[in-house]
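The values are calculated or read from the model by the stated rules, or taken from the named source; none is laboratory data. Predicted model, so just to flag it, every value in this text is computed and none were measured. Cβ sites come from the backbone with ideal geometry, for glycine too, and all protein chains shown count toward neighbours.
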Amino acid sequence: MAAKPYGRLKGLVMVAMAIATVGACSSATSTPTATSTAGAAGSANPSSSASTVAHKPVTISVGVLRPGATQEATDALNLQISEFEAKYPWVTVEPMEYNWTAPTFTAALAAGTLPDVFTIPFTDGKGLIQQHQIVNIDSRVRALPYVDKFNKSILANGQDEKGQIWAVPYTAYGMSLTYNRTVFTQAGLDPNKPPTTWDEVKADAKIISAKTHNAGFATMATGNTGGWQLTTMTYALGGRMEKTGDDGKVTATLNNAATKAGLQWLHSLRWDDNSMGATFDYDWTSINQAFAAGQIGMFTGGSDLYTAMVQNDNLNPADYGVTIIPLASDPNAGVLGGGTLAAVNVVTTEAQRDAAVDWIDFYWMNKLLTQDGAVADAKALKANNQAVGVPTLPLFDKATYDQTQVWIKDYINVPTDQMTPFTSKIFDEPLVNEPTKNTQDLYAALDPVLQAVLTDKNANIDTLLSAANKQVQTILDKG
Amino acid sequence: MSAPSGSTVAVRGKLERRRRRIRVSRDGLSTLAFLLPLLLVFGAFSWYPIVRSLVMSVQETNLVSTLTFVGLDNFARVLADPLFSKAVSNTAFFALLALIIGYPIPLVLAVIMSETRRYKSLLSALAYLPVVIPPVVSVLLWRFFFDGSPNGVFNTILGVVGLGPVHWLGDSGTAMPSIVIEATWAGFGGTVIIYLAALLSVPRELYDAAEVDGASIRQKIWHVTLPQLRGILFITLILQLIATSQLFTEPFLFTGGGPANSTLTVLLLIYHYAFQNSLGGDYGMAAALSVMLAAFLAVFTAFYFWLTRSWSTTS
């Protein structure tokens, strides 16, 4: 009788040993060798014949599938993945659903569940680099033939203070005024003559509200997007949210005259004209949905929204119109510019990092720089009814950008005429980068200010901005 | 039959003790085997996070970089944060509204349902139905009801009598009451079932005696039902207060704490500390506020039971 428990114990020990052995074997097979690393690094140059070098199989996950994407968008991605895997046969790419939002990104970052390749806004680049929460891919990126062609100020978003590259910018946008052409027509406005001043925006919003019962003008206000939009308006009116002293010390300037004027303008739209509808808690996703559903006349957002609205919100292309943000006559007035960086997860092997840079090169860069890449990308997107030709800003120089547009000319399927008010003027507009220090904290502090103005007729703008400024300064001082 | 000798008795006793020891040790092993999964699950998902929160509350960490011991700094920063007092007052306001609106409703419904002779099961099922609906679904459903445009469900109803439209969730004054209404709807079913069960245990003779004494329905409820239920009432009251102190899902999904922080609760503030900044939240402050909330609730509950110890017996 007494021998039985020991017998069970012996069995358990043997099972445990067997599991440990299998675990050891599996981890041994995934360990990259020096040969594979060197080989893959060499393959970073798309023109090299890296596939002739012996490589061990490697799998990377890439966060490029937007949650809720249509089957056609998924098919387009799968086609591109199969092309990549044909070019790099030792790499297996696993697409993951991914959409950057501040709260979900933080949680995934802390939990270590981000994809091997993921994307972040320009505003997060410096902070993640400083905290070493993404991988230094400097040598890999510098092996690419076009690294010197990057617009220096755009590349800087993914570099540390020594100029080392940790993340690669792959798209840049300027903030725009997006408007619904159908709603404009319903309100008796000319959709080919969108407003060019803030006064005209206000007047058109009032007409739209009165004649269509839609929101003439709406704004995002939650999940840090309210602060983002308020900063956009502040820049357009010539103000700034932060000031960097000669000693490098950053001071919060949220209570500047332009921000106050912007809030006063919104207050007037909301309470005097009643032209902002009944929803004041939009975020990026919900305002796109409402716009695509024809509930909003105008709102400020990125110039590249068309893709997301088509992929996720069934936007009728005929509805879409985009123009530049009206700028005040102030010499400091400018268009807030932003963009997205591709970064590599710290929880990756050397071989995965090589493959990750190959993917960044293939998926995001080739289409901007080579005719083959541009055509292949456009063809794949068009074949699956995805947007080709959405207005963005040049990552390299204007000539390269124009050349790319020529290459994909036959595949462009977006209503470019409806985007002309934006594309014909944006390259002459002064672009201003987002606040550099604690950007998301700054935006978060401004969200309640914007919400208060939109939901409380008696909101005291001075008091609200002073409190928010104090809050942000405390965060900036903490470092 | 001869009586067993002393040595035989001693040997038997020894054998019996050994058998009992073996049985006890076998029982102990099987008990442990059954307990082990429970201990592991609780240890991993409840006790370890609690201990980890306590440790993190005195650290500065983003869960990636090297952490630093900061003593009570996180607690001091929480107390100095103007949003802290806002979150506490909002949470207290919600608790008060929930007490006024949400606490009596299940009791009244349970009493009415207990008096109903037909369809009692159907009514119980209907009352419990909202509890079965996932909170996210409930909130999405109620967002339609609370639509601030004149075409919203509630505003259409108000429009019939010439009132509104009301910006239910888009107004600082009505956002929290709107959340209380939804939360009451979503949660009252469970409490109704508890009260119904408790009402069944009230001796019928007490009502008979009251009737003989000429008591009205109101008097029977006041003098028989409520005193008989007071133990349950005290328990549900403290459970409700604890639940309202931990309000998160509704304000998170309905308003995100807005407009202008008017529905920012303590738990939502903890969430904001931890996750609002995409570059890694202030997990130290989040843990510190969590510890403060847990400590407050523990002290409050102890005080509550001490205060009501002499009232809470049903005998």
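The table below gives the values:
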item: Of the criteria (1) free of Cβ contacts under 8 Å to residues at least 24 places away in the same chain; (2) of a type outside the set (Ser, Thr, Tyr); (3) at positive phi, which one A:ASP428 fails; result: (3)
item: Extreme residue, surrounded by the most Cβ atoms within 10 Å (Cβ to Cβ), among residues of segment B:126-147 that are more than 14 Å from every other protein chain (Cβ to nearest Cβ) and not in a helix (DSSP H, G or I); result: B:ILE133
item: Lone unmet requirement of (1) free of Cβ contacts under 8 Å to residues at least 24 places away in the same chain; (2) closer than 26 Å to A:ASP281 by Cα for A:LYS162; result: (2)
item: Members of segment A:243-265 that are buried (at least 21 other Cβ atoms within 10 Å of the Cβ) and not hydroxyl-bearing (Ser, Thr, Tyr); result: A:ALA252, A:LEU254, A:ALA258, A:GLY262, A:LEU263
item: Which numbered condition A:GLY245 misses (of (1) small (Gly, Ala, Ser); (2) at pLDDT 95 or above; (3) out of contact with any helix residue (DSSP H, G or I) (no Cβ under 8 Å at 6 or more places or on another chain)); result: (2)
item: Residue satisfying all of: in segment B:40-87; at pLDDT below 90 and touching a His at 6+ places or on another chain (Cβ under 9 Å); farthest from A:GLY112 (Cα to Cα) among these; result: B:SER65
item: Some residue of segment A:67-76 being within 14 Å of chain B (Cβ to nearest Cβ), at negative phi and among the polar types (S, T, N, Q); result: no
item: Residue that is nearest to the other protein chains (Cβ to nearest Cβ) [pool: residues in segment A:437-464 that are of a type in the set (Val, Ile, Thr) and surrounded by 18 or more Cβ atoms within 10 Å (Cβ to Cβ)]; result: A:THR455
item: Residue satisfying condition, being more than 24 Å from B:LEU297 (Cα to Cα) and within 14 Å of chain A (Cβ to nearest Cβ), within set B:LEU169, B:LEU163; result: B:LEU169
item: Residue that is under 24 Å from A:ASP283 (Cβ atoms), among the basic types (Lys, Arg) and in the same structural domain as A:ASN314 (by TED's automatic domain parsing), where the choices are A:LYS437, A:LYS425; result: A:LYS437
item: Single match in B:ARG52, B:ARG77 (criterion: surrounded by fewer than 16 Cβ atoms within 10 Å (Cβ to Cβ), in a helix (DSSP H, G or I) and of a type outside the set (S, T, N, Q)); result: B:ARG52
item: Of all residues in segment A:120-132 being in contact with a helix residue (DSSP H, G or I) (Cβ under 9 Å, 6 or more places away or on another chain) and of a type outside the set (A, V, I, L, M), the one that is farthest from the other protein chains (Cβ to nearest Cβ); result: A:PHE122
item: Every residue from segment A:271-303 that is part of a helix (DSSP H, G or I), modelled with pLDDT of 95 or more and either surrounded by 22 or more Cβ atoms within 10 Å (Cβ to Cβ) or among the β-branched types (Val, Ile, Thr) (or both); result: A:ILE287, A:ASN288, A:PHE291
item: Long-range neighbours under 9 Å by Cβ, at least six apart or interchain, first residue over 17 Å from A:VAL357 (Cβ atoms) and within 8 Å of another protein chain (Cβ to nearest Cβ) within segment A:88-109, second in a strand (DSSP E or B) and of a type outside the set (Ser, Thr, Tyr); result: A:TRP100/A:GLY63; A:TRP100/A:PHE118; A:TRP100/A:ILE120; A:TRP100/A:PRO121; A:PHE105/A:PHE118; A:PHE105/A:ILE120
item: Residue satisfying all of: in segment A:391-404; loosely packed, with under 15 Cβ neighbours inside 10 Å and not small (Gly, Ala, Ser); nearest to A:THR370 (Cα to Cα) among these; result: A:ASP402
item: Selection count, segment A:139-150, where residues are buried (at least 17 other Cβ atoms within 10 Å of the Cβ) and either out of contact with any helix residue (DSSP H, G or I) (no Cβ under 8 Å at 6 or more places or on another chain) or free of Cβ contacts under 8 Å to residues at least 12 places away in the same chain (or both); result: 1
item: When residues of segment B:268-298 are limited to those that are aliphatic (A, V, I, L, M) and closer than 20 Å to A:THR113 by Cα, the one farthest from the other protein chains (Cβ to nearest Cβ); result: B:ALA274
item: Qualifying positions in segment B:174-213 - within 14 Å of chain A (Cβ to nearest Cβ) and in contact with a His (Cβ under 9 Å, 6 or more places away or on another chain); result: B:THR174, B:ALA175
item: Which listed residue, of A:THR259, A:THR285, A:THR307, is within 13 Å of another protein chain (Cβ to nearest Cβ) and either of a type in the set (Ser, Thr, Tyr) or more than 25 Å from A:ALA76 (Cβ to Cβ) (or both); result: A:THR285
item: Residue match in segment A:142-152 (condition: more than 12 Å from chain B (Cβ to nearest Cβ), more than 26 Å from A:LEU65 (Cα to Cα) and modelled with pLDDT under 90); result: yes
item: Condition met for A:TRP359 (at pLDDT below 95 and either over 27 Å from A:ASP116 (Cβ atoms) or outside the structural domain of A:ASN312 (by TED's automatic domain parsing) (or both)); result: no
item: Complete set of residues in segment A:418-458 that are farther than 16 Å from A:ALA468 by Cα, of a type in the set (A, V, I, L, M, F, W, C), touching a Gly at 6+ places or on another chain (Cβ under 7 Å) and part of a helix (DSSP H, G or I); result: A:ILE426
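Conditions tested, residue by residue: (1) closer than 30 Å to B:PHE254 by Cα; (2) in the same structural domain as B:GLY257 (by TED's automatic domain parsing); (3) at pLDDT 90 or above.
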| position | (1), (2), (3) |
| --- | --- |
| B:MET176 | yes, yes, yes |
| B:TRP185 | yes, yes, yes |
| B:PRO203 | no, yes, yes |
| B:ALA209 | no, yes, yes |
| B:ARG218 | no, yes, no |
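Matching residues to (1) in contact (Cβ under 8 Å) with a residue 60 or more places away in the chain; (2) under 22 Å from A:VAL472 (Cβ atoms); (3) touching a Cys at 6+ places or on another chain (Cβ under 6 Å); (4) not polar (S, T, N, Q):
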{"residue": "B:PRO82", "(1), (2), (3), (4)": "no, yes, no, yes"}
{"residue": "B:PHE93", "(1), (2), (3), (4)": "yes, no, no, yes"}
{"residue": "B:LEU96", "(1), (2), (3), (4)": "no, no, no, yes"}
{"residue": "B:VAL108", "(1), (2), (3), (4)": "no, no, no, yes"}
{"residue": "B:MET113", "(1), (2), (3), (4)": "yes, no, no, yes"}
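Yes/no per residue for (1) in a strand (DSSP E or B); (2) buried (at least 24 other Cβ atoms within 10 Å of the Cβ):
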position: A:ALA172; (1), (2): yes, no
position: A:TYR179; (1), (2): yes, yes
position: A:VAL183; (1), (2): no, yes
position: A:PRO191; (1), (2): no, no
position: A:ILE208; (1), (2): no, yes
position: A:THR222; (1), (2): no, no
